[in-house]
Amino acid sequence: MSGGEVRLVMGDQLNAQHSWFAERDDEVVYLMMEVRQETDYVRHHVQKVVAFFLAMRAFAEARRAEGHRVHYVALDDGENAQTIEGNLRAALARYGTQRWAHQQVDEWRLDEQFRSLRERVGEGREVDSEHFLTARGDLAQLFEGKKTYLMERFYREMRKRHGVLLDAAGEPEGGKWNYDADNRSKWPKGHVPPAPLEFERDVRPVVELLERSGVEALGAAEPFGWAVTREEAEATLAHFVAELLPRFGALQDAMTTQGWALYHSRLSFVMNAKILHPMEVIRAVEEAWRADPERVPLNAAEGFIRQILGWREYVRGIYWARMPEYAELNALGAERAMPAWFWTGNTRMACMRHAIGQTLQHSYAHHIQRLMVTGNFALLAGLHPDEVDAWYLGVYIDALEWVEMPNTRGMSQFADGGIVGTKPYAASANYIQKQGDYCSGCAYKAKERVGPQSCPLNSLYWDFHARNRPLLEPNPRIGMVYRNWDRKSTEEQQALLARAAEVLDQIESL
Ligand code: FAD
Ligand code: SF4
């Protein structure tokens, strides 16, 4: 096929609706590959690697069934060069062409690699991935000349641009843009959430392939119930809309040991792998609200849509506006090493044990666990953002750097000094106790601030603010914390700082 083209499809580009696949073309070969370059750039949860491999294999099969030519290089194929470049060169030689194409990638390291490949290898071209609702540079353009990038402003623009949840006059449905105030309920005592929709399959062959190949992964391989095909992704979306969406809003910030996914959609993997388009998800939710607003309240539909139309596109815009410097930011100068129990869940802190435990078991934690449990602890304890980033990038099934890093380094660790969030998400035990049932099963006492039984978060909260005072005090949204601190007696302040020092000293055995 000397006039043909080799088209690369990466593991997170499984978009069957891409215009590439609209027509069959025998002059085109789609090249897909499982490579050590991608399994090894961070230590991943085993379910994350398995999910990507299974999804890629299913995608390749489905395209073949439609009549497309797919060349799939499995991890243990003898011909596998284990790098994108090596496999691309081999495919060009095999199919006797110099022409190749790839879809725009989403991570800085890959973008650099592809830029270099296009310069050095054959005749390469880049096409759009046809997935996102904004172009890479849109956010930077919207906020040109501004110091802060307000998510809410971006989100309103997106609602208008895409005509989502607007009335006939182009105004927000219900009269407000944001119903977050209705979305902060605590977990109802004793309430058991519905079981997550899971898909049974034998993952042993892929797990054994990883073991045989020496890929170092973490966490439990089974039970593995993730959606990896287009049909399963659609079923997960339908299940979410039918069973979970009505309570998603009110309970989106709630926490409990009664379940691991609660009323969250678990759609992040299939969206990040591009199996589902974000607009399909948004429209399904908007339609469910329009069809029956009694069943699906507006605060649930709007709250959910904001996560995808707002946050997801917004963090991607931040990533492309601020990389590569963003990956180095450490505004609070946090230097502490991550305690070993982040990798085992072996701690007496019930909230951390549950959030880390389910992370290792399912490669998943919901947003408020990531932000207000593990993220909050890392922030208060001053863990180094490089280690925190590596942890989040490795452990979650949906973790790809463009979305993981602004959430971790920015929103959760405030290491960007306030680009993503206007203030750090720092909380004492009070917040965790209010939102759920973790504290009732804990070795520490949520109400105590000093003493050996006191919840570590209570003293760390004050220590965090005391040690970061020069940077944080000028922020008008934090001033009240310092006024409360200054009202404490010197003895009380010293006791809190002493308990925090003790906690940090014993961080490995908390
Ligand atoms: P739901 O609660 O059902 O939300 C629906 C969808 O909204 C998600 O699938 C996701 O696509 C989107 N969404 C929600 N919040 C965000 C957000 N803050 N940023 C971007 N998209 C959002 N999300 C990832 O996809 N990959 C990551 O690596 C990732 N790392 C995170 C790290 C930290 C420290 C924090 C605080 C958040 C992170 N998030 C990440 C965002 C969010 O926690 C996950 O998208 C969500 O928990 C995925 O579960 P779900 O599909 O059940 O989400
Ligand atoms: Fe977490 Fe503290 Fe509550 Fe224990 S007491 S669950 S450590 S917040």
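The values are calculated or read from the model by the stated rules, or taken from the named source; none is laboratory data. In this text the structure is predicted, and so the values were computed from the model without any measurement. Positions of Cβ are backbone-derived with ideal geometry, glycine not excepted, and every protein chain shown enters the neighbour counts.
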Exercise. Scan ILE478, ILE507, ILE419 and give me the residue that is at pLDDT 95 or above, hydrophobic (A, V, I, L, M, F, W, C) and either within 15 Å of ligand 2 (Cβ to nearest atom) or over 23 Å from GLY345 (Cα atoms) (or both).
Key: ILE507
Practice problem: Tell me, yes or no, whether segment 396-404 has at least one residue that is within 14 Å of ligand 2 (Cβ to nearest atom), surrounded by fewer than 24 Cβ atoms within 10 Å (Cβ to Cβ) and assigned by TED's automatic domain parsing to the domain that holds ALA501. | Solution: no
Practice problem: Exactly one condition in (1) buried (at least 24 other Cβ atoms within 10 Å of the Cβ); (2) of a type outside the set (S, T, N, Q); (3) under 16 Å from the mean Cα position of the chain (by Cα); (4) not in a helix (DSSP H, G or I) is not met by ALA415; state its number. | Solution: (3)
Exercise. Would you check which residues across segment 468-485 are within 17 Å of LEU379 (Cα to Cα) and in a helix (DSSP H, G or I) and list them?
Key: ARG469, PRO470, LEU471, LEU472, VAL481
Quiz item: When the residues of segment 428-449 are filtered to those that are buried (at least 20 other Cβ atoms within 10 Å of the Cβ) and aliphatic (A, V, I, L, M), which remaining residue is farthest from ligand 1 (Cβ to nearest atom)?
Solution: ALA446
Quiz item: Which one of these does GLU23 not meet: (1) closer than 29 Å to ALA221 by Cβ; (2) acidic (Asp, Glu); (3) in a loop (DSSP other than H, G, I, E, B)?
Solution: (1)
Quiz prompt | Check on GLN307, within 14 Å of ligand 1 (Cβ to nearest atom), in the same structural domain as SER440 (by TED's automatic domain parsing), at pLDDT 95 or above and under 22 Å from ALA427 (Cβ atoms) | solution = no
Quiz item: Just to be sure, is LYS434 over 30 Å from the mean Cα position of the chain (by Cα) and within 11 Å of ligand 2 (Cβ to nearest atom)?
Solution: no
Quiz item: If only one of ALA327, ALA337 is within 15 Å of ligand 1 (Cβ to nearest atom) and aliphatic (A, V, I, L, M), which one is it?
Solution: ALA327
Self-check item: Yes/no for ALA300 being part of a helix (DSSP H, G or I) and not assigned by TED's automatic domain parsing to the domain that holds ILE397
Solution: yes
Quiz prompt | Count of segment 332-371 residues which are assigned to a loop (DSSP other than H, G, I, E, B), out of contact with any Ser or Thr (no Cβ under 7 Å at 6 or more places or on another chain) and closer than 18 Å to GLU404 by Cβ | solution = 5
Quiz item: For segment 262-276, how many residues are within 15 Å of ALA51 (Cβ to Cβ) and within 10 Å of ligand 1 (Cβ to nearest atom)?
Solution: 8
Self-check item: One residue from ALA426, ALA500 being in a helix (DSSP H, G or I), more than 11 Å from ligand 2 (Cβ to nearest atom) and in contact with a Leu (Cβ under 8 Å, 6 or more places away or on another chain)
Solution: ALA500
Quiz item: Within segment 311-323, can one find any residue that is within 16 Å of ligand 2 (Cβ to nearest atom), assigned to a helix (DSSP H, G or I) and buried (at least 20 other Cβ atoms within 10 Å of the Cβ)?
Solution: no
